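Undergrad: Dropping a structure here in structure tokens format, bear with me for questions.
The values are calculated or read from the model by the stated rules, or taken from the named source; none is laboratory data. From a predicted model like this one, the values you see are computed outputs, not experimental measurements. Cβ atoms come from the backbone with ideal geometry, glycine included; neighbour counts cover every protein chain shown. Note: areas computed on protein heavy atoms with side chains; ligands, DNA, RNA excluded. Shrake-Rupley method; radii C 1.70, N 1.55, O 1.52, S 1.80 Å.
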Amino acid sequence: MCDRQFGEVMSLVIRVINFIVARALNDRQFKTLLDEVNNYPGLLLHSNVRWLSRGKVLSHFAACLNEIRTFLEMKGVGHPELADTEWLLKFYYLVDLTEHLNQLNVKMQGIGNTVLSLQQAVFAFENKLELFITDLETGRLLHFEKLSQFKDACTASEPIQNLDLHQLAGCTSSLLQSFKARFGEFREHTRLFKFITHPNECSLNTADLNYIPGVSVRDFEAEVADLKASDMWVNKFKSLNEDLERITRQKAELASKHMWTEMKKLQPEDQLILKTWNALPVTYHTLQRGLMTHGYRQHQIPTLSRHITDEAAFTLHSDGSLGTGGERGRDKTLRETLRILDAGRF
């Protein structure tokens, strides 16, 4: 039911966008209307409207909703849903939720992320979904900025009006369960992923080792025991984690300043990990061959990131565009990628 309802919301958004942007005359007239209003500093919709290629399409639509209504009325086009409280409730929920999903996707993108960092990002988002459910059930809406503003506006104009936030909480709960189902394998191999950067602290059981094809459990366990007893190699991995922490802090600082080009210049984390493991002497060949050939390389960022974003059917490209494959910026892509509550696709 959630998929159908939110699909209807997105379908209308797409139709309205196409009506305005896909026709040259309408496009020019709408830009003129925005220029006259002059109420969107920094939004730049009036100078470069790329509705169908921006991850912010929903928030842009929300920011211009009053002008969109005015423009459609001028054109004699009727879309009563744009003034319907129930439709708007779902729309603003989608605006906020897709923003949260965009933030998750940004964390997934880039070269050199480690499987452990991706795993932590997914787990953190699942924790946030728990918060979102409580947020909706209690009506606080601390994590739903646009939805909260809409609720306040409704309350101000009609104090006795009751908005059904519990239905949205139910949809968010379904999304959480879909995440847990799709990424359950992450939890099954948490120790294995952590072992890649913390072999001196972690212990793997037989089930973990069976996940690495062709590894000798006997040799693997013996080499781990040797490594943990060597101060030199233990310190090597401690230095690795200090470097990974430093890069994480640098990424966070650069991201807060939107310095994406500078972020790309940072040394990829996976290169640091490979360099550390390759520094081990031949006496640790079982560890190296097992983890680097099977345990790590099978889960490097290109493969895993594609798996995650493909499963979510919601890809945010490095240039900020939405889409999958070669269909960037097209109606079909946007309709597919923004169906975020489709339990069958997550």
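Undergrad: Starting at the first residue of segment 19-25, write each ³J(HN,Hα) from the Karplus equation 6.51 cos²θ - 1.76 cosθ + 1.60 with θ = phi - 60°, in whole Hz, x for Gly and Pro.
TA: Each residue of segment 19-25 in turn: 4, 7, 8, 6, 10, 4, 5 Hz.
Undergrad: Given labels modelled 7 Å from the Cα in the Cβ direction, how far is it in nm from Ala181 to Glu262?
TA: 4.4
Undergrad: Moving to a separate point now. If contacts are Cα pairs under 8 angstrom and at least 6 residues apart, what is the relative contact order of segment 158-237 in percent?
TA: After rounding, I find 22 percent.
Undergrad: Write out the trypsin sites (Lys or Arg not before Pro) in segment 100-160 meeting two conditions: DSSP loop, and at most 14 other Cβ atoms within 10 Å of their Cβ.
TA: Listed in order of number, the matching sites are Arg140.
Undergrad: Ok, one more. Around Asp164, under 12 Å between beta carbons, what's the net of Lys plus Arg minus Asp minus Glu among the other residues?
TA: Summing Lys and Arg as +1 and Asp and Glu as -1 gives 0.
Undergrad: Now a separate question. For a Förster distance of 45 Å, can you work out the FRET efficiency between the beta-carbons of Arg15 and Ala252, rounded to the nearest 0.05?
TA: With a Förster radius of 45 Å, E is 0.70.
Undergrad: Keeping every protein chain in place, order Trp260, Trp277, Trp233 by accessible area at 1.4 Å, biggest value first, i.e. largest first.
TA: Sorted by accessible area, descending: Trp260, Trp233, Trp277.
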